[in-house]
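What follows is a short report on a single structure.
No value in this document is a laboratory result; all are computed from the given coordinates. No experiment lies behind these values; they were computed from the predicted model shown. Neighbour counts run over all protein chains shown; Cβ positions are idealised from the backbone, glycine included.
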Amino acid sequence: MRKILALLCLMLLSGAASAEALRITVFGDSLVQGYGLPQGQGLVPQLERWLNENGAEVQLQNAGVSGDTTAGGAARVAWTLSDKPDGLIVLLGGNDMLRGLPPAETRANLASILQAASDSGIETLLVGMVAPGNYGPDYKAEFDSNYPDLAHRFDTLLHPDAFAGIADKVGGDIAAAQVYFQPDGIHPNEEGVALNVAALGPAALELVARIRN
């Protein structure tokens, strides 16, 4: 009888452990922080709902700082990782691009962030940014290549474009895209966030699978 009870206890404990929600930190700038959006409608809460609706069992932690550059991210990543999350989603680089900072600096800062995650044994998903053509072909090529190159170097998962959901919806029509942005033309509104989350979701699910395996 005691053996049966012990077996039942082990089964219950095992089930509780498997159902425990993963803690994943989303690390970035105002796109992560939820600038200009109603509570519960930013990237982090919308992505958490999307993942849990798809069976992921996660809790997402918002580590977004509005206005942050990759240099700012590199300066605070150690403090962020001291909380020992199960996984990390990195979305940075937009403010570097808006300020015209050298892509090589962006690459070095992102590499520092990814190295810190790797040293801590934390599985990571890198979310890319795509430079517009008005920066010139050389800048665009160098900036855009940062993300796939670093994902390959650090063996992280990659979602190539933070705005992929909106881009897929409007098919490159800039005028049509404005309905999914706040008046500043930079930050998505809640409908735009929902589109981007739906595009990002499968890569985030793959991150969850990597962590659990």
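Each residue of segment 42-47 was assigned a 3J(HN,Hα) from its phi angle through the Karplus expression (A = 6.51, B = -1.76, C = 1.60, θ = phi - 60°), giving x, 4, 5, x, 5, 5 Hz with x at Gly and Pro.
For segment 116-157, what does the convex hull of the Cα positions come to per residue, in cubic angstrom?
So the per-residue Cα hull volume is 63 Å³.
The protection proxy used here, the mean number of other Cβ atoms lying within 10 Å of each residue, ranks peptides 21-30, 160-169 as follows, highest first: 21-30, 160-169.
Which whole-Hz ³J(HN,Hα) couplings does segment 202-213 yield from phi under the Karplus relation 6.51 cos²θ - 1.76 cosθ + 1.60, θ = phi - 60°, glycine and proline marked x? Working through the residues one at a time gives x, 5, 5, 5, 5, 4, 4, 5, 4, 5, 6, 8 Hz. Got a sec to turn the phi values of segment 120-127 into Karplus ³J(HN,Hα) couplings, 6.51 cos²θ - 1.76 cosθ + 1.60 with θ = phi - 60°, whole Hz, x for Gly and Pro? Karplus-based 3J(HN,Hα) across segment 120-127 equals 8, x, 9, 5, 9, 10, 9, 9 Hz.
When Kirkwood radius over Cα pairs in Å is calculated for this entry, the matching label among [x] 17.6; [y] 18.8; [z] 18.1 is [z]. Between the amide H of GLN61 and those of ILE24, THR25, VAL26, distances stay under 5 Å, these residues lying 5 or more places away or on another chain, with hydrogens modeled in the peptide plane.
Which FRET efficiency value, to the nearest 0.05, is calculated for VAL179 and ASP138 with the Förster distance at 35 angstrom and r the Cβ-Cβ distance? So, using R0 = 35 Å, E works out to roughly 0.60. Label point of GLN41 set 7 angstrom out along Cα-Cβ; within segment 157-194, amide nitrogens under 18 Å from it belong to 166, 177-194. Taking 7 Å along the Cα-to-C-beta vector as the label spot, tell me the GLU20-SER112 distance in nanometres, rounded to one decimal. It is 3.3 nm. Using a cut-off of under 14 Å, list every residue of segment 132-157 whose amide N is near the label point 7 Å from the Cα of ALA104 along the Cα-to-beta-carbon line. Flagged as within label range: 139, 142-143. For the chain, the 222 nm mean residue ellipticity estimated from helices alone, with every DSSP H stretch of n ≥ 4 adding -39500 (n - 2.57) and the total spread over all residues, rounds to -17500 deg cm²/dmol. Taking amide H positions as modeled 1.01 Å from N, with prolines and chain starts lacking one, the residues under 5 Å from LEU158 and 5 or more places away or on another chain are LEU126.
Among 87-100, 126-139, what's the highest-first ranking by average C-beta atoms within 10 angstrom per residue? All intermediate terms of the calculation are to be shown ahead of the outcome.
Values: 87-100: 21.9, 126-139: 16.1.
Top to bottom by mean Cβ count within 10 Å: 87-100, 126-139.
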